[in-house]
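Take a look at the structure set out below.
The values are calculated or read from the model by the stated rules, or taken from the named source; none is laboratory data. The shown structure was predicted, so the numbers you read here are calculated from the model rather than taken from an experiment. All Cβ positions, even for glycine, are placed from backbone atoms using ideal geometry, and neighbour counts span all protein chains on display. To get the accessible areas, we keep the full protein, side chains included, count just its heavy atoms, and leave off ligands, DNA and RNA. Shrake-Rupley method; radii C 1.70, N 1.55, O 1.52, S 1.80 Å.
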Amino acid sequence: MTPLTLLFMLSFLVYVDVRILAPVLPSIAGSLGSTPGMVGLAMTTYAFAYGAGQLVYGPLSDRSSRLGVVRAAGLGFSVCTLLSAACMTTGQFVVVRLLAGAFAGAVIPLTLVFIGDSVAYERRQIVIGQLSVITSAGLAFSASIGGTIAYAISWRLMLLGYGLLALIPVGLMWRLDARASQSVALAPQVTGRFFDFLRDRRAQFVYAGVFLEGFLLWGAVTYLGAFGMARHGLDQFGVGLLIALFGVGTMAGGLCMATIRRHCSENTLAAIGGGGMGLAYLMLVPHWPWPVFGVSMVLLGLGFVGLHTTLQLRGTEISPAARGKAFSLFAFNLFCGISIGTAVFGRLVDAGHYDMMFTLAGLGLIVVGWGTALSPRRAHDLPEE
């Protein structure tokens, strides 16, 4: 198998793990004698550790090997996911998930950096769209199969199975020569400091956009399972199937990315994507029947492809000479946004203010989409308009 194939496989499994708690949050809370908001802290710490790890993984991969860093971190991720299934208290669960997030943080960001190394800018968003198909399939799988296993058997068995599956691509990676698999020659001394990237005006818009996207989109996604049970009286199986439609929408958008990019500039795509995600959340505010929930999940996934792949595309080009380090700030901002958004929205959820959460998330995502569309661009993007 090629390095990119193995990276895609592990990205799928990491994405399953990142999103697996949303549909089964109430079940875990009941098992550990806690509340959804308290168990949601496990997702907060996971996201924070995932983001903080970027500040190590990105620069390290610039100086050594993308694949070598991923396979070592992948082993730690697999072990911690297995340990998550054995936790008996909320505190234990939060700590182990923090460690799992720290290791998982190497996989998807460095896969995107690997794509940035090896794919020309003109085709890069199409390949990123292919990765979004893989990760959205992971989301659909985690929501539907994960919810089914938790409903019929146990959330512990669910985590155990995912941890074991992750060992397969990790083991295959150890059979490859990491240096020979490197797609570009890396300089021994990588130029550029974190502060230098933060001073770049184009980079500022990218980093701010992805932080707000993480805060608003994923902060609210965390509590969709609890919302479906509270508002519509659905069980975990039904909620899991509905949330899986988000992955279906993302998958559809990723598969159509080549066609979409022939007709839309990346700026137009960002504006439509932010607007679509915003509308999807605003559709959840009125007390409409549960099928509207399903429709909103498809729209949320379609919108996500438009905005997020545009932000990822621009993130990979902030500093080609130090791509790992520059993109590490992208992932750091994303997961800081997720971490803070999960914590803030958790307080609203525990107080029963779902409508306020979805209104804030919906309006905010519309602003982020348009802000990205109007932000400074690379010179070679100008003719697209």
Residues being open to solvent by less than 10 Å² (accessible area, probe 1.4 Å) and part of a helix (DSSP H, G or I) - total across segment 81-108: 8
Single condition W290 does not satisfy, out of (1) open to solvent by 50 Å² or more (accessible area, probe 1.4 Å); (2) of a type in the set (F, W, Y); (3) under 17 Å from I128 (Cβ atoms): (3)
Every residue from segment 284-303 that is free of Cβ contacts under 8 Å to residues at least 24 places away in the same chain and touching a Phe, Trp or Tyr at 6+ places or on another chain (Cβ under 9 Å): S296
Residue ranges of helices (runs of 4 or more DSSP H) in segment 270-385 with at least 1 members over 28 Å from D200 (Cα atoms) and touching a His at 6+ places or on another chain (Cβ under 7 Å): 290-315
Which numbered condition F345 misses (of (1) modelled with pLDDT of 90 or more; (2) farther than 28 Å from A100 by Cβ): (2)
From the options Y50, Y46, Y57, residue that is in contact with a Lys or Arg (Cβ under 8 Å, 6 or more places away or on another chain) and modelled with pLDDT of 80 or more: Y46
Test: residue in segment 71-80 that is charged (D, E, K, R), under 21 Å from G247 (Cα atoms) and open to solvent by 10 Å² or more (accessible area, probe 1.4 Å): no
Residue count for segment 84-101, restricted to those that are closer than 20 Å to L164 by Cβ, in contact (Cβ under 8 Å) with a residue 24 or more places away in the chain and touching a helix residue (DSSP H, G or I) at 6+ places or on another chain (Cβ under 7 Å): 8
Enumeration of residues in segment 265-287 that are among the hydrophobic types (A, V, I, L, M, F, W, C) and surrounded by fewer than 17 Cβ atoms within 10 Å (Cβ to Cβ): L279, V285
Among (1) at pLDDT 85 or above; (2) under 19 Å from L365 (Cβ atoms), the one test that G247 misses: (1)
Residue pairs meeting the criteria (Cβ under 8 Å; at least 6 apart or on separate chains; first closer than 19 Å to I338 by Cβ, in segment 352-370; second in a loop (DSSP other than H, G, I, E, B) and open to solvent by 10 Å² or more (accessible area, probe 1.4 Å)): F358/V285; G362/V285
